[in-house]
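Novice: Please read through the structure below; I'll follow up with questions.
The values are calculated or read from the model by the stated rules, or taken from the named source; none is laboratory data. Predicted model only: the values in this text are computed from it and were never measured. FYI the Cβ positions are ideal-geometry reconstructions off the backbone, even for glycines, and counts take in every protein chain you see. Areas reflect the complete protein model, heavy atoms only, side chains present, ligands, DNA and RNA absent. Shrake-Rupley method; radii C 1.70, N 1.55, O 1.52, S 1.80 Å.
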Amino acid sequence: MKKLLTGLLVLALLCGPVSLAQVTSSGLPIVDEPVSFEILVDDYGTPEEKIMYPILEEMTGVHVDLQLYPYEVARERLNTLLMGNDYPHVLAGWTLSTSDIIELGMSDGLLLPLEDLIETYAPNISAVLDEPGVREAMTLPDGHIYTIPFLVNEPLVNYLPYINSEWLDRLGLSVPTTPGELKEVLIAFRDEDANGNGDPNDEIPFSGTPDNLSLGMCAGWFGVDAYEKSEYPFFYRDGDTIRFAANTEEYREFIRYFADLYQEGLIDPELFTQDESMWTAKVNQGLVGVCISYNQPIEGSYVYLPVLKGCDEPVFHRSSNGTSLFRSQVALTDRCDEDMAATIIRWFDVTFDPDVSIQLEHGPLGDSIVKLDEHLFQMVDRSDWSAEKDETYAWYNYYTQSLPKNNKDNVLLSAGEDTPVPDYKAEADAAYEPYLNEIFPAVWLEDETDIRRASTLSVDINSYVKTKMAQWITGQANVDEEWDAYLAQLEQYGLTELTEIYQRILFG
């Protein structure tokens, strides 16, 4: 096991805070002289596009060296850095899982305990920890907190399928309610110059961003939740039983449906390979009809698809019960000495200030939003903005969105109005709620044998399922011809054993 904490840091964590010369006790900037730290984090875009980081650097005196990658690349990069013992000061975003925190923190000692640092240097983060149930949920079985909490008011459904309402209106079509109706709409999008630019061949009926694709949740249209971005990819909860979705007949029906769409030329050939910038460019050029995304691809031009009824009892993946606590978003590694650890915790505490957090979510004060009162803000009028400026101040360019913020008490008003910005996701939640399943209970895996075994098994199984999904949908292979061999291979990879481990740790 790695036990590489410096003597000073061990003293600080075991015996209380040590006076630090470099880190200021309060106010801004947070350091006496400029300093920087490295962070590995997943997000799309480039560090140069994230406009809040220079603002934060001016405020705090701290430069953040962003090692920024798309999710899958970030995971690969993390594994490479860990094997080479060359990881950065901070591991963050969706790159880490709760099992990673257990293994790297409680088992290996590679992650630093944070509870004393937070108490000493981070009043804003401490306040979040003091919210009901948060401190208990963040504390591992060894009594330490290894990560910074991310508590948010959360929609019931994060990722949604969206359809281009302008295209529907132009072609006189209604929002589809079944998979069959969706196929007919996609055919019209393909054949009838849906974007109205005079080119009948440039429309892409169905596309998506790889980071947000989550295509497996559309298996819910056929009766099973195969969401792949949870802590337990492709598993779903059935009461107090955990079940695997990607070996069911409902899942196979979902694959057949999307393979048929692909064969008909209704799905973007680059669906599984394009990066975020490629997908965004297609949307901004008015080429995309239907997609899956967290936010509306273009506000006002897209509406959510309802849960499509491909069977008698369709389901959909529930993301939360109205609030979510993300427990693995920021961890400090043993590359940090005492000064660096305190500096980083203070830096993140600045981002938890409500006046700062809302800028991380909605853009800089004065440019994107104005402050009207305590916790009350208003969007600026963008009607005369150029396309270039609109892109610069797009929500995904403000900050690394996978990092924690503290916006739960803030209210944002529409430009020039006294009403909150319309919450289209709340409308979708109301429509989706009758079809939503249950979320998994929040637990820490305690048994090291289970942790390591589940980690090993899940890597092979998840990779295999994703590979076969892409091959079957794109026509590289046939799901019906390979189904029996696929089921056998899942068992060969240990699916039954993994299911038993998850059942044990989640429900006893």
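Novice: Taking TYR398, is it open to solvent by less than 30 Å² (accessible area, probe 1.4 Å), modelled with pLDDT of 95 or more and either in contact with a Gly (Cβ under 8 Å, 6 or more places away or on another chain) or among the charged types (D, E, K, R) (or both)?
Specialist: Working: open to solvent by less than 30 Å² (accessible area, probe 1.4 Å): yes; modelled with pLDDT of 95 or more: yes; either in contact with a Gly (Cβ under 8 Å, 6 or more places away or on another chain) or among the charged types (D, E, K, R) (or both): yes.
Spelling it out, TYR398 is indeed open to solvent by less than 30 Å² (accessible area, probe 1.4 Å), modelled with pLDDT of 95 or more and either in contact with a Gly (Cβ under 8 Å, 6 or more places away or on another chain) or among the charged types (D, E, K, R) (or both).
Novice: Something else now. Is the stretch 210-223 home to any residue that is part of a loop (DSSP other than H, G, I, E, B), touching a residue at least 40 places away in the same chain (Cβ under 8 Å), farther than 23 Å from PRO269 by Cα and in contact with a Gly (Cβ under 9 Å, 6 or more places away or on another chain)?
Specialist: Scanning the stretch 210-223 turns up at least one residue that is part of a loop (DSSP other than H, G, I, E, B), touching a residue at least 40 places away in the same chain (Cβ under 8 Å), farther than 23 Å from PRO269 by Cα and in contact with a Gly (Cβ under 9 Å, 6 or more places away or on another chain).
Novice: What number of residues in the stretch 458-477 are surrounded by fewer than 19 Cβ atoms within 10 Å (Cβ to Cβ), touching a helix residue (DSSP H, G or I) at 6+ places or on another chain (Cβ under 7 Å) and in contact (Cβ under 8 Å) with a residue 40 or more places away in the chain?
Specialist: At the first step, the residues of the stretch 458-477 found to be surrounded by fewer than 19 Cβ atoms within 10 Å (Cβ to Cβ) are 459-460, 462-464, 466-467, 470-471, 474-477.
Of the ones still in play, those that are also touching a helix residue (DSSP H, G or I) at 6+ places or on another chain (Cβ under 7 Å) are 464, 474-475, 477.
Then keep just the ones that are in contact (Cβ under 8 Å) with a residue 40 or more places away in the chain; that gives 474-475.
Matching residues across the stretch 458-477 total 2.
Novice: Give the stretch 309-357 a look and list any residue that's within 14 Å of ILE125 (Cα to Cα), among the polar types (S, T, N, Q) and assigned to a loop (DSSP other than H, G, I, E, B), or say none.
Specialist: GLN329, the sole residue that qualifies.
Novice: Turning to a different aspect of this structure: If you check ALA122 against the conditions, is it surrounded by 14 or more Cβ atoms within 10 Å (Cβ to Cβ) and touching a strand residue (DSSP E or B) at 6+ places or on another chain (Cβ under 7 Å)?
Specialist: No; evaluated as a whole, the condition is false for this residue.
Novice: When you look at HIS362, is it closer than 19 Å to PRO123 by Cβ and open to solvent by 30 Å² or more (accessible area, probe 1.4 Å), yes or no?
Specialist: Working: closer than 19 Å to PRO123 by Cβ: no; open to solvent by 30 Å² or more (accessible area, probe 1.4 Å): yes.
Criteria not met by HIS362.
Novice: Is at least one residue of the stretch 141-148 of a type in the set (Phe, Trp, Tyr) and either modelled with pLDDT under 95 or not in a loop (DSSP other than H, G, I, E, B) (or both)? Steps first, please.
Specialist: At the first step, the residues of the stretch 141-148 found to be of a type in the set (Phe, Trp, Tyr) are 146.
Narrowing the set further to residues that are either modelled with pLDDT under 95 or not in a loop (DSSP other than H, G, I, E, B) (or both) leaves none.
For the stretch 141-148, residues of a type in the set (Phe, Trp, Tyr) and either modelled with pLDDT under 95 or not in a loop (DSSP other than H, G, I, E, B) (or both): absent.
Novice: Shifting gears a bit: Do you know which residues across the stretch 67-102 are in a strand (DSSP E or B) and open to solvent by 20 Å² or more (accessible area, probe 1.4 Å)?
Specialist: Within the stretch 67-102, the first condition is being in a strand (DSSP E or B), and the residues that meet it are 67-69, 90-92.
GLN67, LEU68, TYR69, listed by residue number.
Novice: Something else now. Which members of the stretch 295-318 meet the condition of being surrounded by fewer than 20 Cβ atoms within 10 Å (Cβ to Cβ) and more than 22 Å from GLY223 (Cβ to Cβ)?
Specialist: Hits for the stretch 295-318 are ASN295, GLN296, ILE298, GLU299, GLY300, SER301, VAL303.
Novice: If I filter the stretch 226-252 down to residues being open to solvent by less than 20 Å² (accessible area, probe 1.4 Å) and in a strand (DSSP E or B), which single residue comes out as nearest to ILE505 (Cα to Cα)?
Specialist: So, considering only residues that are open to solvent by less than 20 Å² (accessible area, probe 1.4 Å) and in a strand (DSSP E or B), the one nearest to ILE505 (Cα to Cα) is ILE242.
Novice: Given the residues VAL315, VAL283, VAL303, which is the only one that is in contact with a Ser or Thr (Cβ under 6 Å, 6 or more places away or on another chain) and of a type in the set (Val, Ile, Thr)?
Specialist: VAL303
Novice: Also: Just a yes or no: is a residue in the stretch 381-389 at positive phi and touching a residue at least 12 places away in the same chain (Cβ under 8 Å)?
Specialist: Kept after step one, since they are at positive phi, are these residues of the stretch 381-389: none.
For the stretch 381-389, residues at positive phi and touching a residue at least 12 places away in the same chain (Cβ under 8 Å): absent.
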